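This report refers to the structure that appears directly beneath it.
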Amino acid sequence: MKRLTLVVSGDVQRAGYRDRVIELGMSLGLSGYAENLPDGRVRVVAEGEEEKT
């Protein structure tokens, strides 16, 4: 299992960003969360099985 943590800055709070990220992650079979940080950024944590090629 792999985990990715991202911290995103810009106009991401109050813009539906977290909901869209969660929706996209679920459509890809990932689990995790997105949370607003006090400084205006958003932290995204996603995890899932590594794709075998």
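Only the coordinates and a few stated rules stand behind these numbers; no lab work does. Note that the coordinates shown come from a computational prediction; the quantities given were computed from them, not determined experimentally. Note: ideal-geometry Cβ built from the backbone for every residue, glycine included; neighbour counts use all protein chains shown.
Calculated [222 nm] ellipticity per residue, helices only, for the chain: -6500 deg cm²/dmol; basis is -39500 (n - 2.57) per DSSP H run with n ≥ 4, divided by all residues, nearest 500. Given their separation in residues at 0.36 nm each and the Cα-Cα distance between them, Glu50 and Glu23 gain 7.8 nm when the chain is fully extended.
Our summary gives segment 2-48 a relative contact order of 52 percent, counting only alpha carbon pairs under 8 angstrom and 6 or more residues apart.
Rounded, prolate or oblate for segment 2-48? Axes are the square roots of the Cα gyration tensor eigenvalues, ordered a ≥ b ≥ c, and the cut-off for rounded is a/c under 1.5. It comes out oblate by the Cα gyration axes. Each Lys or Arg adds one and each Asp or Glu subtracts one; over the other residues with Cβ under 12 Å from the Cβ of Glu47, this totals 0.
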